[in-house]
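*Asks:* The following block contains the structure, expressed as structure tokens.
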There are 2 protein chains.
Amino acid sequence: MAGADDAVFRPVRAGNPFEETVERLLQAIKLGVVGPGERLPAERDLAARLNVSRVTLREAIRALTDSGYVESRRGRYGGTFVNERLPKPRRTSAKQLTRELGAGVDDALVLRSALETGAAEAAAARVLTEAEVEHLRRCLAETSTAKLGDYRRMDSRLHLAIAEVSGSPSLTSATADVRMRLNELLDAIPLLAVNLEHSNDQHDAIVTAILAGDSVAARQAMQEHLSGTAALLRGFLT
Amino acid sequence: MAGADDAVFRPVRAGNPFEETVERLLQAIKLGVVGPGERLPAERDLAARLNVSRVTLREAIRALTDSGYVESRRGRYGGTFVNERLPKPRRTSAKQLTRELGAGVDDALVLRSALETGAAEAAAARVLTEAEVEHLRRCLAETSTAKLGDYRRMDSRLHLAIAEVSGSPSLTSATADVRMRLNELLDAIPLLAVNLEHSNDQHDAIVTAILAGDSVAARQAMQEHLSGTAALLRGFLT
DNA sequence: CGTCAATGGACTGACTGCAGACCAATAGAA
DNA sequence: TTCTATTGGTCTGCAGTCAGTCCATTGACG
């Protein structure tokens, strides 16, 4: 049994600042926070926000440049831009992923369920600003009309948008993190048009419930949506 | 409005390894993972688990020694022990705490609700080992019979125990973290015997539901328990 | 009564990440 | 065309952290 010790005496940091920074930038790209062709914040700003030295940030950017995610241009109105064509995901076999992630999959799925159903519930209970409603609707629309290659990223962004309107930044961050942990796994699963359609319906139900202020329905809809994915993932890994 | 940027471009690390380590040790003490008179893991082990050099860990321990939390003894069967009498919490006024924490209180409360209700639900849905049941029952009993000065710590430990039996280490860690964020605030609120009794009843309901495998009731009971505390906290800060 | 294993305590040399200053390129504005 | 603000690119010296090694102390056990 895992004692409370394991929770409180877990590693203070996952890796060195460089690695963590790379991970964070990848998060921004893979979760669709900055889309293809869009620009990252200027190095000085970004370094300040990440609480990392500019040197370290630049090393991270360099790594992403080398692996084909971004490109930098100098001069005023320059910056670091996300490439229009992103590198393909690894596409490892589900079997190997099981071995890699092991019990971590279940861990992530349980955490995800708690975070996202909680976020949906909290979001519905809140009074949203016009900008928030707009953003939510926009993400929903863009997800439902996304091409197959873009679907995963748009889906991530929609789920993140829902977490955002919960009004809890910590909840948003945690949601983004756990999504990243599952992303590699999701990439190993083929996207079927029928599933996709079903997914869109569920997204619609969730957002509708949130906008209607019905927190019970919002939680319920999110719960159903997530359990579908969870079952799919657990199934592929057995 | 807080964009998704803020979630993904948040600081990579809260402080330097030294500060983080101090925080983690305080977590272990204040959440009752290691009680008064008990021993911390040996420096070499602990440093490895925290993924921190022994030098850094020792500096952190030194800081806690200076502030009266722990004491170290050399030799075989020695070690670093938590003091029987812990330093008193700051007891700042609620008004000042509001200013300090600001919107962070609401953030933490929303996150806490999501995590702990999710944990209770997941725990009830799981088949618990005998050791887990034992641990849960023990924490419950010790909380209900705790003296006023020990109550907060025992309560923390019970909530942490519930998170543990969710089976998701990440969920447990997150629960511990958010509890630490709220702890200072909780210390600013007087403990009334009547509230305490009510709290014990709720704890009992939660644990009973979990042991019965009734995930709906478990979530419900936890939800009620937390909303009481949340209302109390929000009230004191208005 | 000595032995010894396990613990905290102390030191060194190397490396990493940092803040800050400065250089170089770029494109819009004057 | 020239100016200039903004951006990425580069360098240096400093503080923090690390892995590894050895020392000092202690108390149970033979």
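The values are calculated or read from the model by the stated rules, or taken from the named source; none is laboratory data. Since the structure is predicted, the reported quantities are computational estimates derived from the model, not experimental observations. Heads up, the Cβs are rebuilt from the backbone with ideal geometry, glycines too, and the neighbour counts pull from every protein chain shown. Remember, those area values only see protein heavy atoms, side chains included, never the ligands or the DNA or RNA. Shrake-Rupley method; radii C 1.70, N 1.55, O 1.52, S 1.80 Å.
*Asks:* I'd like the FRET efficiency for B:ALA212 and A:ASP5, computed as 1/(1 + (r/R0)^6) with the beta carbon distance as r and R0 of 30 Å, rounded to 0.05.
*Replies:* Numbers: r = 28 Å, r/R0 = 0.92.
Using R0 = 30 Å, I get an efficiency of 0.60.
*Asks:* In peptide B:105-113, what is the residue-averaged number of other protein chain Cβ atoms found within 10 Å of each Cβ?
*Replies:* 5
*Asks:* Among the lysines in the protein assembly as shown, how many pairs, 8 or more places apart or on different chains, have alpha carbons under 19 Å apart?
*Replies:* Count of close lysine pairs: 6.
*Asks:* Are there any trypsin sites (Lys or Arg not before Pro) in the range B:136-238 that are in a DSSP loop and have at most 11 other Cβ atoms within 10 Å? List them by number.
*Replies:* B:LYS147
*Asks:* Which value in nm describes the separation of the simple spin-label points at A:SER227 and A:LYS88, placed 7 Å from the Cα toward the beta carbon?
*Replies:* Each label point lies 7 Å from its Cα, and together they span 3.7 nm.
*Asks:* Then there's this: Under 17 Å from a point placed 7 Å out from the Cα of B:ASP66 along the Cα-to-Cβ direction: which residues of the range B:10-36 have their backbone N that close?
*Replies:* Counting backbone N atoms under 17 Å from the label point, the list is B:16-26.
*Asks:* Hey, got the dipole for chain B? About the Cα centre, +1 on K and R Cβ, -1 on D and E Cβ, debye to the nearest 20? Spell out each step's value before the answer.
*Replies:* Working: 31 positive and 32 negative charges, 192 e Å.
Value, rounded to 20: 920 debye.
*Asks:* How many Cβ atoms of partner chains, on average, are near each residue of A:130-139 if near means within 10 Å of its Cβ?
*Replies:* 1
*Asks:* Let me ask another. In whole percent, and with a 1.4 Å probe on the protein chains, what portion of the accessible area of the range B:94-236 is carbon and sulfur?
*Replies:* Solvent-exposed carbon and sulfur of the range B:94-236 make up 56 percent of the total.
*Asks:* Let me ask something else about it. Charges on Cβ only, +1 for Lys and Arg, -1 for Asp and Glu, centred on the Cα centroid of the range B:92-223; of B:GLN96, B:GLY149, B:VAL207, which one is farthest towards the dipole's positive end?
*Replies:* Positive-end residue among those listed: B:GLN96.
*Asks:* Another one. Pick from B:GLY15, B:GLY75, B:GLY213: which is most flexible by mean-square fluctuation in a GNM of chain B where alpha carbon atoms under 10 Å apart are linked?
*Replies:* B:GLY75
*Asks:* Can you give the helix-only mean residue ellipticity at 222 nm for chain B, where every DSSP H stretch with n ≥ 4 adds -39500 (n - 2.57) and the sum goes over all residues, rounded to the nearest 500 deg cm²/dmol?
*Replies:* Numbers: 11 runs with 163 residues, N = 238.
Result for chain B, helices only: -22500 deg cm²/dmol.
*Asks:* May I ask you to order A:64-70, B:56-62 by the average number of other C-beta atoms within 10 Å around their residues, highest value first?
*Replies:* In descending order of packing, they fall as B:56-62, A:64-70.
*Asks:* If packing is taken as the average count of other Cβ atoms within 10 Å, what order do B:187-195, A:29-37 fall into, highest mean first?
*Replies:* A:29-37, B:187-195
*Asks:* Next question. For the pair B:GLU59 and A:THR145, how long in nm is the line joining their label points, each one 7 Å along Cα→Cβ?
*Replies:* Label-label distance for B:GLU59 and A:THR145, simple model: 5.5 nm.
*Asks:* Per residue of B:162-168, how many C-beta atoms from partner chains lie within 10 Å of its own C-beta, taken as a mean? Please report the intermediate quantities before stating the final value.
*Replies:* Details: counts 0, 3, 6, 2, 4, 6, 12.
Counting Cβ atoms of other protein chains within 10 Å of each residue's Cβ and averaging gives 5.
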